[in-house]
Structure formats: C-alpha cells, structure tokens
Amino acid sequence: MSSVLLRSTLALGLSALAAPAFATDFAACFTLTPGVSWSTADETLTIEKAPFNGAPALKVSSAGGGIGRASFFDASGRMLLGEERYGISAWGGDASAPVMTDAFDPAPTFPQRATPGEQFQLNGKGTRTHHVEETVTDVDYDGFNHYTFVGFENVEATVDGNPRTFADTCHLRATFEDNRMEAWYAPGFGRIKFERYMGEELLMRDEIEAIHAD
C-alpha cells in the first residue's frame with residue numbers, strides 16, 4: 001500500500017470514529033423558541049420568557065375551549081419546572097389567573113442524549129398550591145413515566161393549508177398499562193404531534209395545523 005493511500009485510509013478511519021452515531025441532536029428536539037405561536041385543531045400554544053418561582057423560565061401557554069394552562073421549562077426545554085391551571089371562563093372563572101400551581105423539585109427531565117430504542121423514565125415530585133383554597137400539598141408528577149425513544153423522523157403536516165415538513169423530529173413512545181402515547185417533538189416548537197391509544201385503538205390525535213408567529 002502506498003504512503004498516500006495509507007494516509008487516506010487512516011484519515012477515513014479516524015473521521016468515521018470521530019463522527020457521531022446520529023447526525024441529529026436529541027436534546028435539540030426539546031428546545032423552545034420564545035415568540036413562537038401555533039395551533040392544533042383544539043388549542044393555541046404560545047412560547048414566551050416568563051419567571052417561575054422567581055427564576056427565569058420558558059412558558060408554554062395553552063388555550064382552547066375557554067380552558068387555559070401553562071407549563072414552565074428550563075432554558076433547555078427538557079426540564080418541566082412546573083404547571084399552572086387557570087380558571088374556566090365558561091364557569092365564570094378568570095382564564096388568566098392561576099387556580100392551581102404545581103412546582104416540581106426534583107423536576108421531570110428528558111435526558112440530554114438518547115439513541116433510537118433507548119428507554120428512560122420521567123419522574124418528579126413537588127408541591128401543589130391551590131390558590132382558591134389557600135392550601136399547599138405534596139404532589140407527584142402524574143404524566144407518563146416510561147418512555148422509549150423510537151427515533152428521528154420527518155413529520156409531514158399541513159400547516160396553514162400548505163404542506164410542511166418538520167425534519168428530524170424526535171418520536172417518543174410512552175406506556176402505562178394498556179395506555180400508549182406517541183409524541184413527536186420539533187426544535188423550537190416542542191410537541192407538534194400527539195396520538196393516544198388504548199391497546200391498539202386510537203383514542204385521539206392532535207397535530208400542528210397553523211403557525212401564527214415563528
């Protein structure tokens with residue numbers, strides 16, 4: 001083997017070793033861009049900077065059907081710091097005032113890295129403040145706990161009446177007894193597609209349909 005060919009072979013080998021196993025970034029799927037606002041068929045979501053428990057956070061507000069709630073995340077978008085539930089306007093409640101606030105410590109957190117097929121758990125504990133009753137109680141995170149990273153996938157959606165591809169989203173699967181959730185997370189937006197199953201029966205599907213600001 002010539003010295004030139006040997007050097008080329010070694011260089012290719014070293015570059016292959018240095019390259020990541022996957023070109024896409026798992027953690028990037030959970031990033032949230034302040035100022036982004038988008039809708040599904042049932043709700044409108046808005047991302048903004050807002051404090052939570054006196055610390056900087058990213059707030060994802062959800063409004064639909066007269067019901068409002070907000071989730072607060074750290075700067076990475078992977079750590080759920082807390083949630084607020086607001087009054088129901090149809091029942092005379094103030095849809096802008098929190099009725100209940102959950103604050104998590106330790107907080108449910110998606111891992112920074114994951115490879116397709118990898119499993120992980122989401123757990124958290126904290127306190128629940130009921131602002132009307134003026135009570136504070138302990139609370140466990142009640143979302144899905146057992147997750148599998150299915151892989152990076154392109155999501156084909158119809159947004160504002162036009163086809164749009166969200167490239168390299170993170171497809172996650174979560175299970176609890178006979179319940180199963182499939183979710184797709186896109187950088188800057190968070191969860192853009194969601195499916196809920198009971199056994200093999202599809203109970204509901206929700207996905208991005210309109211973008212108001214990005």
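All but one of (1) part of a loop (DSSP other than H, G, I, E, B); (2) within 30 Å of Thr175 (Cβ to Cβ); (3) modelled with pLDDT under 95 hold for Arg113; state the number of the condition that does not hold.
Exception for Arg113: condition (3).
Restrict the check to segment 169-180 and report whether at least one residue is crowded, with 17+ Cβ neighbours inside 10 Å and over 25 Å from Ala75 (Cα atoms).
yes
Determine which member of the set Asn162, Asn154 is at pLDDT 95 or above, among the polar types (S, T, N, Q), touching a strand residue (DSSP E or B) at 6+ places or on another chain (Cβ under 6 Å) and surrounded by fewer than 14 Cβ atoms within 10 Å (Cβ to Cβ). Explain how you work it out, then say what you get.
Details: Asn162 fails: touching a strand residue (DSSP E or B) at 6+ places or on another chain (Cβ under 6 Å).
Every option except Asn154 fails the conditions.
Does Asp138 meet the test of being charged (D, E, K, R) and either in a strand (DSSP E or B) or in contact (Cβ under 8 Å) with a residue 60 or more places away in the chain (or both)? Give the steps one after another, and end with the answer.
On the way: charged (D, E, K, R): yes; either in a strand (DSSP E or B) or in contact (Cβ under 8 Å) with a residue 60 or more places away in the chain (or both): yes.
In short, yes.
Going by what's in this entry, would Gly93 be described as assigned to a loop (DSSP other than H, G, I, E, B), modelled with pLDDT under 95 and small (Gly, Ala, Ser)?
Here the answer is yes, as Gly93 does meet what is asked.
Report, ordered by the first and then the second residue, all pairs with beta carbons closer than 6 Å, sequence separation of six or more or different chains, a first member in segment 172-189 that is more than 23 Å from Ala27 (Cβ to Cβ), and a second member that is surrounded by fewer than 17 Cβ atoms within 10 Å (Cβ to Cβ) and hydrophobic (A, V, I, L, M, F, W, C).
As it stands, the answer is Asp178/Met198, since those pairs meet every condition given.
Out of curiosity, is Arg85 assigned to a strand (DSSP E or B) and more than 21 Å from Phe52 (Cβ to Cβ)?
Numbers: assigned to a strand (DSSP E or B): yes; more than 21 Å from Phe52 (Cβ to Cβ): no.
Answer is no for this residue.
For segment 44-62, which residues satisfy the criterion of being open to solvent by 40 Å² or more (accessible area, probe 1.4 Å) and closer than 17 Å to Glu207 by Cα?
Thr44, Thr46
Does any residue of segment 69-84 turn out to be in contact with a helix residue (DSSP H, G or I) (Cβ under 6 Å, 6 or more places away or on another chain) and closer than 25 Å to Glu153 by Cβ? Working first, answer last.
Kept after step one, since they are in contact with a helix residue (DSSP H, G or I) (Cβ under 6 Å, 6 or more places away or on another chain), are these residues of segment 69-84: 77-78.
Those still in the list that are closer than 25 Å to Glu153 by Cβ too: 77-78.
Taking every residue of segment 69-84 in turn, at least one turns out to be in contact with a helix residue (DSSP H, G or I) (Cβ under 6 Å, 6 or more places away or on another chain) and closer than 25 Å to Glu153 by Cβ.
In segment 189-199, how many residues are closer than 15 Å to Asn154 by Cα, touching a Leu at 6+ places or on another chain (Cβ under 8 Å) and either in a strand (DSSP E or B) or open to solvent by 30 Å² or more (accessible area, probe 1.4 Å) (or both)?
Pass one, segment 189-199, residues closer than 15 Å to Asn154 by Cα: 189-194.
Filter once more, keeping what is touching a Leu at 6+ places or on another chain (Cβ under 8 Å): 189-190.
Filter once more, so that each one left must be either in a strand (DSSP E or B) or open to solvent by 30 Å² or more (accessible area, probe 1.4 Å) (or both): 190.
Qualifying residue count, segment 189-199: 1.
Give Ala23, Ala70 a once-over and let me know the one that is among the hydrophobic types (A, V, I, L, M, F, W, C), open to solvent by 20 Å² or more (accessible area, probe 1.4 Å) and either modelled with pLDDT of 80 or more or over 18 Å from Gly190 (Cα atoms) (or both).
Ala23
The values are calculated or read from the model by the stated rules, or taken from the named source; none is laboratory data. This one's a predicted model, so the numbers in the text were calculated from it and none came from an experiment. Every residue, glycine among them, receives a Cβ derived from its backbone with ideal geometry; neighbour counts consider all protein chains shown. For accessibility, only protein heavy atoms count, side chains too; no ligands or nucleic acids. Shrake-Rupley method; radii C 1.70, N 1.55, O 1.52, S 1.80 Å.
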